[in-house]
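Asker: Below is a structure I'd like to ask you about.
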Amino acid sequence: DVADEIGAVKALAGLKGRRLSNAEKRVLALEAGLLLIRPPPELEAVHGLLVSSARLMREALRLHREAGSSREAATAQNASAAAAGALLLLDAGRVRIEEFFRPPAAP
């Protein structure tokens, strides 16, 4: 689950090498897949949340890679903040999708 890798970036954990590269590839594929989807009007806002989450994930991973090579604390903090935002948007999207597909309560 790519959310685990983004959680590691948020926690300022050392995501390096193949694990970082694989996370970057998965996020790019996720973003590309989302951009191909044309949701029904009632799910457009949720789709926007998920696209924004994927973009923030990509930025978090980019900043994390940059922080690893530059060893700048501010860049690592920015990566962590982007990861936190991405996870918040992802969770909000999941909740709204669950609400949308939840069967109506019995009268």
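Asker: Has the range 4-20 got any residue that is in a loop (DSSP other than H, G, I, E, B), at pLDDT below 95 and surrounded by 13 or more Cβ atoms within 10 Å (Cβ to Cβ)?
Answerer: yes
Asker: Ok, one more. When the residues of the range 38-73 are filtered to those that are basic (Lys, Arg) and outside any helix (DSSP H, G or I), which remaining residue is modelled with the lowest pLDDT?
Answerer: Arg71
Asker: With respect to Ala32, determine if the residue is surrounded by 18 or more Cβ atoms within 10 Å (Cβ to Cβ), part of a helix (DSSP H, G or I) and out of contact with any Lys or Arg (no Cβ under 9 Å at 6 or more places or on another chain). Break it down into steps so the answer makes sense when it comes.
Answerer: On the way: surrounded by 18 or more Cβ atoms within 10 Å (Cβ to Cβ): no; part of a helix (DSSP H, G or I): yes; out of contact with any Lys or Arg (no Cβ under 9 Å at 6 or more places or on another chain): yes.
Criteria not met by Ala32.
Here is a yes/no grid of residues against (1) of a type in the set (S, T, N, Q); (2) within 15 Å of Ile6 (Cα to Cα); (3) open to solvent by 30 Å² or more (accessible area, probe 1.4 Å):
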{"residue": "Ala45", "(1), (2), (3)": "no, no, yes"}
{"residue": "Ser52", "(1), (2), (3)": "yes, yes, yes"}
{"residue": "Arg62", "(1), (2), (3)": "no, yes, yes"}
{"residue": "Ala67", "(1), (2), (3)": "no, yes, no"}
{"residue": "Arg71", "(1), (2), (3)": "no, no, yes"}
{"residue": "Gln77", "(1), (2), (3)": "yes, yes, yes"}
{"residue": "Ala82", "(1), (2), (3)": "no, yes, no"}
{"residue": "Arg94", "(1), (2), (3)": "no, no, yes"}
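Asker: Now a separate question. Restricting to the range 20-32, what's the tally of residues that are free of Cβ contacts under 8 Å to residues at least 40 places away in the same chain and under 15 Å from Ala79 (Cβ atoms)?
Answerer: Step one: list which residues in the range 20-32 are free of Cβ contacts under 8 Å to residues at least 40 places away in the same chain, which gives 21-23, 25-32.
Checking which are under 15 Å from Ala79 (Cβ atoms) leaves us with 23, 27.
Number of matching residues: 2.
The values are calculated or read from the model by the stated rules, or taken from the named source; none is laboratory data. From a predicted model like this one, the values you see are computed outputs, not experimental measurements. With ideal geometry, Cβ positions are generated from the backbone for all residues, glycine too; neighbour counts draw on all protein chains shown. These area figures cover heavy atoms from the full protein model, side chains too; ligands, DNA and RNA do not enter into them. Shrake-Rupley method; radii C 1.70, N 1.55, O 1.52, S 1.80 Å.
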